[in-house]
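Here's the structure we're looking at; comments come further down.
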């Protein structure tokens, strides 16, 4: 079932609880690929994190494949400080478009952007449901990729497959901004 929400795509606003005073259990950033690899471009998040796993950044970053389980997502993000979620997102843009979207904590749910998630419970609804129940991350970034095809099949469309390097670059830039300097370390490991 497809669910549609409305927001300004540049800043995704999530209704959540007052900032928690709990300490975060993990200082490593987490990159999570979500999606269904049996529905073509819907699985792009999984394809991207599988490529990230081939890079030598595992000492600095945790990488997870979640599939479409919203509840498993909550288990992984709980108590962590930085989470990057990679997913196919309907943003009413050209297929293959990649956007880096900060999930900003606000109370006004009328500002939510318009996009479609094909998972059992969309990302925004999952985070709203978790409000006050778990210790949500201090920073959540969504790397959204506009799908071209959601037909049954394990292959990505050409436009979405071509967008993978840009999505990985956005992930690395986000991690670099968090002063981890992962991109430089990853380049060094490739030269060995």
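The values are calculated or read from the model by the stated rules, or taken from the named source; none is laboratory data. Nothing here was measured: the structure is a model prediction, and the numbers come from that model. Using ideal geometry, Cβ is built from the backbone for each residue, glycine included, and neighbour counts are taken over all protein chains shown.
Some notes on this structure:
- Residue in the stretch 175-192 that is touching a strand residue (DSSP E or B) at 6+ places or on another chain (Cβ under 6 Å) and modelled with pLDDT of 75 or more present: no
- Evaluation of residue 102 against the conditions (1) surrounded by 21 or more Cβ atoms within 10 Å (Cβ to Cβ); (2) within 18 Å of residue 168 (Cα to Cα); (3) at pLDDT below 90 shows that the sole unmet condition is (1).
- Close pairs (6 angstrom Cβ cut-off, 6 or more residues apart or separate chains): touching a residue at least 12 places away in the same chain (Cβ under 8 Å) and on the phi > 0 side of the Ramachandran plot in the stretch 134-149, surrounded by fewer than 24 Cβ atoms within 10 Å (Cβ to Cβ) and in a strand (DSSP E or B) anywhere: none
- Lone qualifier among 44, 76, 61, 49 - being touching a strand residue (DSSP E or B) at 6+ places or on another chain (Cβ under 7 Å), in contact (Cβ under 8 Å) with a residue 60 or more places away in the chain and either surrounded by fewer than 18 Cβ atoms within 10 Å (Cβ to Cβ) or under 25 Å from residue 135 (Cα atoms) (or both): 61
- All of 22, 1 fail the test of being within 14 Å of residue 138 (Cα to Cα), surrounded by fewer than 16 Cβ atoms within 10 Å (Cβ to Cβ) and modelled with pLDDT under 95, apart from 22.
- Among (1) modelled with pLDDT of 90 or more; (2) within 27 Å of residue 60 (Cα to Cα); (3) crowded, with 16+ Cβ neighbours inside 10 Å; (4) touching a helix residue (DSSP H, G or I) at 6+ places or on another chain (Cβ under 9 Å), the one test that residue 170 misses: (4)
- Residue match in the stretch 126-133 (condition: on the phi < 0 side of the Ramachandran plot, buried (at least 20 other Cβ atoms within 10 Å of the Cβ), assigned to a loop (DSSP other than H, G, I, E, B) and modelled with pLDDT under 95): no
- Residue within the stretch 76-85 that is at pLDDT below 85 and under 27 Å from residue 159 (Cβ atoms) present: no
- When restricted to residues that are assigned to a strand (DSSP E or B) and either modelled with pLDDT of 90 or more or surrounded by 21 or more Cβ atoms within 10 Å (Cβ to Cβ) (or both), the stretch 25-41 contains 6.
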